[in-house]
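Structure record follows, encoded as structure tokens.
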Amino acid sequence: MSDLAFSVETSPAARDIEALAQGLTEHALPVTGTPGFRPLSVLARNPAGALVGGVHGQVNWSWLHIALFWVATDRRHQGLGSRLLAAIETAALERGCSQAHLDTFSYQARPFYERHGYRLFATLEDYPRGQQRYFLRKALRA
């Protein structure tokens, strides 16, 4: 192992991240029979083309993992978040998903997700300091 060079990177190249995902996929494929790490996004743009909200995740076998979800401050409390969430859940169902999971923080949107059928399954305390990180899941229905 002395012939290896290690690097700590804060902005790794996309090709390196893709290589990691490909390596994990190749390792898991004999067990799962289906590749994971398939990106899925739903984006909302205003008439000028500016992004005003979106949700991004990955389809991993029969699960949707929601990794990023954002709605512009001036577009909140108008139903956009609910529409984005419904759209990605529908797209996930179309791709064979039966479950979804995500995480959020105590200062963010846990009540929003719970109103949409997500249920808490784990909590990390003091993440960030003085706050909690919540992990939620939902069974998707057609």
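Residue count for the range 19-68 under the criterion of being open to solvent by less than 40 Å² (accessible area, probe 1.4 Å), in contact (Cβ under 8 Å) with a residue 12 or more places away in the chain and of a type outside the set (A, V, I, L, M, F, W, C): the result is 6.
Yes or no, residue by residue, for (1) of a type in the set (S, T, N, Q); (2) in contact with a Gly (Cβ under 8 Å, 6 or more places away or on another chain):
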position	(1), (2)
Phe69	no, yes
Asp74	no, no
Gly79	no, no
Ala86	no, no
Thr104	yes, no
Phe112	no, yes
Arg115	no, no
Pro128	no, no
Arg133	no, no
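The number of residues in the range 26-56 that are touching a Phe, Trp or Tyr at 6+ places or on another chain (Cβ under 6 Å) and assigned to a helix (DSSP H, G or I) comes to 1. Of everything in the range 74-86 that's open to solvent by less than 40 Å² (accessible area, probe 1.4 Å) and farther than 18 Å from Ala139 by Cβ, which residue is nearest to the chain's Cα centre (by Cα)? Per the criteria, the residue is Leu84. Contact map, the range 80-95: first residue within 19 Å of Asn46 (Cβ to Cβ), second residue open to solvent by less than 10 Å² (accessible area, probe 1.4 Å), Cβ cut-off under 6 Å, separation 6 or more or different chains; pairs are Leu80/Gly53; Leu84/Gly53; Leu84/Val55. Against the test of being within 23 Å of Arg137 (Cα to Cα) and at pLDDT below 95, the options Phe69, Phe105, Phe37 yield a single qualifying residue, Phe37. Only one of the numbered conditions (1) open to solvent by less than 20 Å² (accessible area, probe 1.4 Å); (2) within 29 Å of Leu20 (Cα to Cα); (3) not polar (S, T, N, Q) is violated by His101, and that is (1).
The values are calculated or read from the model by the stated rules, or taken from the named source; none is laboratory data. Since this is a predicted model, take the numbers as computed values, not measurements. Neighbour counts are summed over all protein chains in view; Cβ atoms, including those assigned to glycine, are modelled from backbone coordinates with ideal geometry. Accessible surface is based on the protein model in full, side chains and every heavy atom, while ligands, DNA and RNA are left aside. Shrake-Rupley method; radii C 1.70, N 1.55, O 1.52, S 1.80 Å.
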